[in-house]
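First comes the structure, then the notes that go with it.
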Amino acid sequence: AQRVTQPEKLLSVFKGAPVELKCNYSYSGSPELFWYVQYSRQRLQLLLRHISRESIKGFTADLNKGETSFHLKKPFAQEEDSAMYYCALSSVGSARQLTFGSGTQLTVLP
Amino acid sequence: GAGVSQTPSNKVTEKGKYVELRCDPISGHTALYWYRQSLGQGPEFLIYFQGTGAADDSGLPNDRFFAVRPEGSVSTLKIQRTERGDSAVYLCASSPSPVTAYNEQFFGPGTRLTVL
């Protein structure tokens, strides 16, 4: 069975500091991984997907198959990054439904 | 353009009652998903529609839960004999078809269901 673990429920950093949100997964096969973000009073939205290998809002995430991790990183956190972040794994069946971690609430302090 | 919409935004009901939750996907999206998010947890998959048919309902917790999408657009999630444990935020998401690898799902704002 596929599973996503986000070990930190809460994470606080100061503005300008680096931030890393941890995500580990269990899945047999090649995983399709995503980070979704939910800003205060907004709906859940896609932040990035591992296949694109691009930086979105300064965030990057690298898939490490050996460690089964997909940590989200940003070198210099901004106050507007404060949000709930969810790591998600897609099934490979026709539905491609998402399995989400329990989320990490990031607070960037001024 | 309009995103995914869900009504009502909040629903309070009593244990044992029947409720219906509605989802209006993005126009042209034929893939539609329902998820349930309990407090402190990430969303959990309930059911997936491709067009009018429920292609995967493996996430429905029991037979009190049922969903329909009769015309391939609007979907209704129906919960019979509600229990306090059904209290959660119910999220709907839609996606363009065909559903391919790394497809983005577009989420609605959710319906917060409270069963007293």
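The GNM of chain A, with springs linking C-alpha atoms under 10 angstrom apart, assigns the highest mean-square fluctuation among A:Lys15, A:Lys73, A:Lys57 to A:Lys57. Taking the stretch A:65-110, which GluC sites (Glu not before Pro) meet the DSSP loop condition and have no more than 11 other C-beta atoms within 10 Å? Listed in order of number, the matching sites are A:Glu67. The mean number of Cβ atoms from other chains found within 10 Å of a Cβ in peptide A:89-102 is 6, as a whole number.
Taking the alpha carbon gyration tensor of the protein assembly as shown, multiplying each eigenvalue by 5 and rooting it gives semi-axes of 30, 20, 16 Å, largest first. Relative contact order, whole percent, for chain B stands at 37, derived from Cα pairs under 8 Å and 6 or more residues apart. Leaving out same-chain residues fewer than 8 places away, which aspartates and glutamates sit with a Cα under 16 Å from that of A:Lys22? Within reach: A:Glu8, A:Asp62, A:Glu67, A:Asp81. Amide H to amide H distances under 5 Å link A:Ala17 with A:Ala77, where only residues 5 or more positions off or on other chains count and H is placed in the peptide plane. Look at the stretch A:29-41: the mean tally of other chain Cβ atoms within 10 Å of its residues' Cβ atoms is 1. For B:Lys78, which aspartates and glutamates qualify as cross-link partners when the Cα separation must be under 18 Å and same-chain residues fewer than eight apart are set aside? Qualifying aspartates and glutamates at Cα under 18 Å: B:Glu14, B:Glu20, B:Asp24, B:Glu44, B:Asp56, B:Asp57, B:Asp63, B:Asp86. Quick one: pull the percentage of alpha-carbon pairs in chain A with a separation above 18 Å. Pairs farther apart than 18 Å: 45 percent. When the GluC sites (Glu not before Pro) in the stretch B:32-95 are filtered for DSSP coil states and for at most 16 other beta-carbon atoms within 10 Å of their beta-carbon, the remaining sites are B:Glu71, B:Glu83.
Every number here is computed from the coordinates shown, using simple stated rules; none is lab data. Computed from a predicted structure; not experimentally measured. With ideal geometry, Cβ positions are generated from the backbone for all residues, glycine too; neighbour counts draw on all protein chains shown.
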